[in-house]
C-alpha cells in the first residue's frame, strides 16, 4: 500500500517552489482574462513579471469582506451573483453553486476532486472500499461536498448523513457499519456520548477526518480511547483544501495546489517564519481564480519538514481570527450579522455576541443594551437564528453597561 497520495508530496522543496512560481504568472493572467473582479483588482499588473514570492507580495490582498461586498453590490445591480470572481458560468462548466453565511456564493467546477481533499483523507488513512459517514451539512453550504468529492475520488462509498437527527444517524451507523467518519469533531463527540448513554455499539468506526472547528489533543485522545483515530484538515469554501494533518501530528502540511503566505493582519506584508499572522492564499483553480485571498484565519509556519517524509511547508493550524469573525458549530459568524440583528430592533442601542463553552460545546449569548420589554429576548433570539442559522441565548442589559472596547463578537471559549 502506498504511503503517500502521490509523488508531489515528497518533491524537493526547490522543485516544488519552481513549479508553483512557474504556474503563478499563468494563473494571474488567466484571472485577469476570465474573472472581471480579479481583472479590476489586478489592473496594471504584468502577470508575466510575477514569478517570485516577493513579486506576489506586492499584489493587493482580497479579503472575504471585500469579496462579500462585491458580490452584494453586483447582485443589487442585477448582475453576476459571484461579483465577477467566478471564471465559469451556469451550465456544464459549473456543477453546483453554494451559499455560505453572508451570503457568499461559491461555484463548483467539474474537475474530479474539485476541492482537492483526497490528499487529506489519504493522509488520515481513508482508502478505496471504506464506507464514510459524512456528517457535514448538505444544505446550501459546500462543507459536505468539499470532503465528499475527495472520498469519492479515493474510491470510498459515502453515506450523506448531514447534520442533526442524532437518533437516526446512530441507527444508520449501527446498520450500515461505516468504518470512517467525516464531519465536525463536536458532532462526533455528541454521537459517541449519545451511543454510550443508550448502550449503542459504534465500534465499527475506526478512522475520522474532522474539520471546521478546533481539534485539541484532549479531544483527539478522547476519540482514541474509543477506538477512533481522527485527523484534522483545514479547508475553506473559497479555496478548498489548504492544509492537512499527518501521522506525525506536528502541524498541518500545506496542500500542493495552493501558494500560502502568512501576512501581518490588516496588511499584505509577509511575516517571518514562526510569527503569527493572517493566512493569505493563492489557489491554482482556473474556475475560481482567487489571487492573494485573505482568509481572515491566523496561523504560523513551523520550521523543518514533516517527519513522515512530506516536504511541503507546515503551518501550526488554525489559531483564531484576524478579525472578529468566529466559527460556531462549524459556521462563521460575522460582526455584520450582529449588526443586521440590531437593525431589526430600534429599541436596541448596542450588542455584543459572546461565544463561550468548552470545546465541542459552543454556546452563544447575545447581550443587548435596551429597556426591557415583554417577549423581546425571544424575538431577538429568533432573529439571530434567522440571520446566523444558529441558536442563541439573549440577555438584556442596561444601556451603557457593555464594555466600550469596539468588540462586537467576543470569543470566550476554552480550548484546553
Open item on the list: Six or more apart or on different chains, Cβ atoms under 7 Å: show the pairs whose first residue is in the stretch 45-69 and without any contact (Cβ under 8 Å) to a residue 12 or more places away in the chain and at negative phi and whose second is surrounded by fewer than 14 Cβ atoms within 10 Å (Cβ to Cβ) and in a helix (DSSP H, G or I).
Closed with: 55/49
- [ ] Sort through 154, 59, 67 and tell me the only one that's under 27 Å from residue 175 (Cα atoms) and modelled with pLDDT of 95 or more.
- [x] 154
Open item on the list: Restricting to the stretch 64-92, name every residue that is more than 23 Å from residue 267 (Cα to Cα) and either out of contact with any strand residue (DSSP E or B) (no Cβ under 9 Å at 6 or more places or on another chain) or in a helix (DSSP H, G or I) (or both).
Closed with: 72, 73, 74, 75, 76, 77, 78, 79, 80, 84, 91, 92
TODO: Take residue 317 and decide whether it is in a loop (DSSP other than H, G, I, E, B), farther than 29 Å from residue 108 by Cα and either in contact (Cβ under 8 Å) with a residue 24 or more places away in the chain or more than 14 Å from the chain's Cα centre (by Cα) (or both).
DONE: no
TODO: Run residue 113 past the list (1) assigned to a helix (DSSP H, G or I); (2) within 23 Å of residue 312 (Cβ to Cβ) and report the number of the one that doesn't hold.
DONE: (1)
- [ ] Give the stretch 111-121 a look and list any residue that's surrounded by fewer than 22 Cβ atoms within 10 Å (Cβ to Cβ) and either free of Cβ contacts under 8 Å to residues at least 60 places away in the same chain or over 18 Å from residue 97 (Cβ atoms) (or both), or say none.
- [x] 112, 113
Task: Evaluation of residue 133 against (1) buried (at least 21 other Cβ atoms within 10 Å of the Cβ); (2) under 19 Å from the mean Cα position of the chain (by Cα) (one fails), failing number - done: (2)
Open item on the list: Quick check on the stretch 392-408: of everything there that is in a loop (DSSP other than H, G, I, E, B) and touching a helix residue (DSSP H, G or I) at 6+ places or on another chain (Cβ under 6 Å), which residue is modelled with the lowest pLDDT?
Closed with: 408
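Every residue, every condition in (1) out of contact with any helix residue (DSSP H, G or I) (no Cβ under 7 Å at 6 or more places or on another chain); (2) over 29 Å from residue 315 (Cα atoms), yes or no:
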| position | (1), (2) |
| --- | --- |
| 140 | yes, yes |
| 146 | yes, no |
| 152 | yes, no |
| 164 | yes, yes |
| 168 | yes, yes |
| 213 | no, no |
| 221 | yes, no |
| 227 | yes, no |
| 231 | no, no |
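The values are calculated or read from the model by the stated rules, or taken from the named source; none is laboratory data. None of these values were measured; they are calculated from a predicted model. Virtual Cβ from ideal backbone geometry, glycine too; neighbours counted across all protein chains shown.
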